[in-house]
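Novice: Here you go, one structure.
Laboratory data are not the source of any read-out in this text; all were calculated from the coordinates shown. Nothing here was measured: the structure is a model prediction, and the numbers come from that model. Don't worry about glycine lacking a Cβ; one is built from the backbone with ideal geometry, like all the others, and counts go over all protein chains shown.
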Amino acid sequence: MRTSWLSWLRNRWIAWAPQKTTRAPTAPTPQPRGLDRLSTSEFDKEYHRANEGAVAQVMRGMGPDDTDPKAGAGARIVFNIAAAHVLSFCERSAKGEPKPYQNAYDLHRQVYFVNAADATLPLSRRQLVDKALEHATGQKGPDIYFGAIETSGTGVRFYGDMCLVLSAMPVLSSDSTKPTAVPSDGDCYLLDRNSYDVLREPVKSAITDEISRSGGTFDVAAGECLKQWLGTLAQDLVRVATEKVSIAMPSSARLWTGGAIAEVVLQDEDYFEVLRPRSFGTSDLVEVRVSAADAAAEADIATRERAGEAAGLHELEWRQQRREARRALARANVPTRVITTPGRLKAG
Amino acid sequence: MSNWYIDTWDARGGRAFASQRKPDDYVISSASAPQATPDDATIFVGPPGFQPELIVNTSVALAAGRAGSFVPRVPAEGAEIAFPSAPAVAEFVRRGFSAGGGARGGGGEGGGGGGVPRLPEGDPLVPIEPLTPEGGSLGLTDYCALFASQISARAVSDTVTDGQEAPQWVPTTGGAAPPCSSRTIGPVVAGAVRLIAQQLLHIPQASATQAIQKWADTVVSLHVAAVELEIWSSLQVTAETYLARAVAHGLRRPLLPPPDGAYAAAAVFRMARMYLNNRHVRDYWPTVVYDHFSYPGLMSGADGGSDLHDRFAPMYSWPLPPDVLPDANGAATVGQLLSRFVASPASFAKARQGIFEIVLFAAAYLGSRIPDRATPAWQTNAASAWLTGSLPRWRFSQRTEALIEQVAMHV
């Protein structure tokens, strides 16, 4: 006879229920019966444990009942760049240059800042945060490449319409029967929020108050603050992701879905920051993702261009850049994929 | 109300963050705490819409400066540029982005499927004398003077405040354009004539396979533009004298020993067959060859990766005639010229009419589907309508304008 979902819930509840102890009986607690059990706080805890497991599965690229990651799924380090820069990125990769993807220091943009060696001079905000990060991690600003954690979406769109997805899986399967291995990029530092938050309220004032009480400099105090948000990808990603999803979707007697989890992990302007201590090239990518919204806008521009319906030059330029980017990626054997449903793995 | 200042700017990518704050608020002391000022209002601007978008987290704006593509201060030196409004910031970013197209090509892998085409050098048969337009006889002087005056009205001076609204672009109507007749042609046709003649004068050697393919792509895309703009008859009749000069030059090539000589003659013939019905063509070539190198054969040769239906990308394979290059601000192709012109029209205020003719031809092609295609000189109206949607809507100071021009030169 097939077990009904209610019976299943009842059995789960019985299995989880605390065993009787020998302690003296206290005031009797009314036991929930029937459907009333669904609203108990203990039952919520059971759900939370199940949801925590679901987050771990999503981070590992697995469905609820999977034991092996699905291709292209799971938490990945992503870097968003504008289509205009994909061509030069691919060319540097093809030439075997050591730093195909470049940070601000690689392009010698220090010229925009005053001399950091002189402590009496003011620092740029980026230099200040870089010093705070150096205090927290021991890594120097020029050595760090800042990415984000993404599962199945298109990254931080503000930084570019092309989402470069690294192939490395920072979180491996928890299956104890499989050989233990150090996950690629699992050693990267992970911040559960943007490191520039130390310069914004309410954290900025908290750091200021701390300096007023204890003395010291802002960069050191900010570095201490960053330590509280800091972890490594392999060890802490599942934990911080669970915490973030818990805040966005308070624990209750509902199961979190893979799509909902994925959307919370990187939500609009709010993302997990990854400090990768090395650059990367096209050979390190599993794919490049573009959003369905951008693809639709591009297709609309193309239609108007071909029909002679006065697409503006900036629109034509954008379309041309994206087309050149796709061609360059194709030459480098990097697939480009349109994400039609962020949070779900579906090819566009 | 405070001005807006750019926090981070990706000029080539067309992305920027800007905040309503004090200038040079980007530095703070490491020895003491930064002032606890309220968080700034911050916007994001990006393609393709370039509409200011309010963002909550200033950290996102600041963190952009870590990527190599974003600069953390505009400009790098001197006082920060102050913008009176968020739309003024968006216009600055849009124009810088448009200017970036002026740097495409240059021999690398660029738009149009292969970079800027280079004109053959050292070919003894390419006429040395430039094929200059016969300005007065073409009847274009007045029209282009009007166009230039409108461009000049958008010029800037030290008294212009950054972000000041530009004078409204006055579409040049068909009434302002000279009528097409046997002695006068419109500026759109004149622009086409310049570019087509250029191709007739520069046929690649038969051994230069890649150059031949680029040449064929250019010829075909120019032809498609001429058909779309319905200037075929003007090219065949009105411009006959002008183009015939180019054909006459090109037909000297059969004097070369084969195979280059034969190829060059055939190529010139195919081109001429498309645009002319004059005695140079009719008398010179046997019918059998005439048919062999017919228009369908040329069309089928277009295989350079360009889509015949695309309009913008092929313009990067349309080389500018040498006689307009001194006025092109460094552009080598029509695509580059159009990008630089749209981004910084004031820098072309003193250009001669050849530049305007080519810009109008390209603009008319991009916006050819206007409702009133039945009116005389509708092509000029189409060009004006397209330019209205792409030219600057705000004026900036000379210093800021120079920054936009630099994007086209140095991206």
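Novice: Order of B:381-390, A:287-296 by packing, highest average Cβ count within 10 Å first?
Specialist: Descending mean neighbour count gives B:381-390, A:287-296.
Novice: Would you mind checking which residues have amide H under 5 Å from A:Asn80's amide H? H placed 1.01 Å from N; only 5 or more apart, or other chain.
Specialist: Here A:Val156, A:Leu164 satisfy the definition.
Novice: If you don't mind, there's one more thing I want to ask. Percent relative contact order of segment A:226-348, based on C-alpha pairs within less than 8 angstrom and at least six residues apart?
Specialist: Relative contact order, segment A:226-348: 30 percent.
Novice: Inside 10 Å of the C-beta atoms of A:317-330, what's the mean count of C-beta atoms belonging to other chains?
Specialist: 5
Novice: Can you flag which of A:Lys140/A:Lys244; A:Lys99/B:Lys22; A:Lys70/A:Lys204; A:Lys131/A:Lys244; A:Lys45/A:Lys204 are past 31 Å Cα-Cα? Don't jump to the answer; show the numbers that get you there.
Specialist: Numbers: A:Lys140/A:Lys244 28 Å; A:Lys99/B:Lys22 36 Å; A:Lys70/A:Lys204 42 Å; A:Lys131/A:Lys244 27 Å; A:Lys45/A:Lys204 35 Å.
Cα-Cα > 31 Å for A:Lys99/B:Lys22; A:Lys70/A:Lys204; A:Lys45/A:Lys204; rest within.
Novice: In whole Å, what are the Cα extents of segment A:48-95 along the three principal axes, biggest one first?
Specialist: 47, 20, 13
Novice: For segment B:314-362, what is the convex hull (Cα atoms) projected area averaged across all directions, in square nanometres? Working shown, then result.
Specialist: Working: hull surface 11.5 nm².
That works out to 2.9 nm², a quarter of the Cα hull's surface.
Novice: Based only on Cα atoms, what Rg/Rh ratio does segment B:336-377 have, Rh being taken as Kirkwood's radius?
Specialist: Using Cα coordinates only, the ratio equals 1.05.
Novice: Shifting gears a bit: Can you give the net charge of the other residues whose Cβ lies under 14 Å from the Cβ of B:Asp327, counting K and R as +1 and D and E as -1?
Specialist: Residues near B:Asp327 contribute +2 overall.
Novice: Can I ask one more? Given H placed on each backbone N at 1.01 Å, which residues far from A:Val338 in sequence or on other chains put an amide H within less than 5 Å of it?
Specialist: A:Val290, A:Gly348
Novice: For a Förster distance of 56 Å, can you work out the FRET efficiency between the beta-carbons of A:Glu97 and B:Asp372, rounded to the nearest 0.05?
Specialist: After rounding to 0.05, the efficiency reads 0.55.
Novice: Fully extended, how many nm does the chain gain between A:Glu243 and A:Arg331 (0.36 nm per residue separation, minus their Cα-Cα distance)? Walk me through the intermediate numbers first.
Specialist: Details: separation 88, 0.36 × 88 = 31.68 nm, distance 4.08 nm.
Fully extending the segment from A:Glu243 to A:Arg331 adds 27.6 nm.
Novice: Please list the non-local residues whose amide H lies under 5 Å from the amide H of A:Met169, H modeled 1.01 Å from N, same-chain partners needing a gap of 5 or more.
Specialist: A:Ser184
Novice: As an exercise, take the mean of 1/r over every pair of distinct alpha carbons in segment B:318-411, invert it, and state the Kirkwood radius in angstroms.
Specialist: Every distinct Cα pair counted, the radius reaches 14.0 Å.
Novice: Averaged across the residues of A:154-163, what count of C-beta atoms belonging to other chains lies within 10 Å of each residue's C-beta?
Specialist: 5
Novice: Over the whole of B:53-62, what's the average partner chain Cβ count within 10 Å per residue? Rounded to a whole number, please. Intermediate results must be reported in sequence, preceding the final value.
Specialist: Details: counts 1, 0, 3, 3, 10, 8, 14, 9, 3, 10.
Neighbouring Cβ atoms belonging to other protein chains average 6 per residue here.
Novice: Add +1 for every Lys or Arg and -1 for every Asp or Glu among the other residues with Cβ under 9 Å from the Cβ of B:Arg194, and state the total.
Specialist: -2
Novice: Can you tell me which of B:216-223, A:303-310 comes out highest on packing, and rank the rest after it, using the mean Cβ neighbours within 10 Å?
Specialist: Most protected by this proxy first, the peptides run B:216-223, A:303-310.
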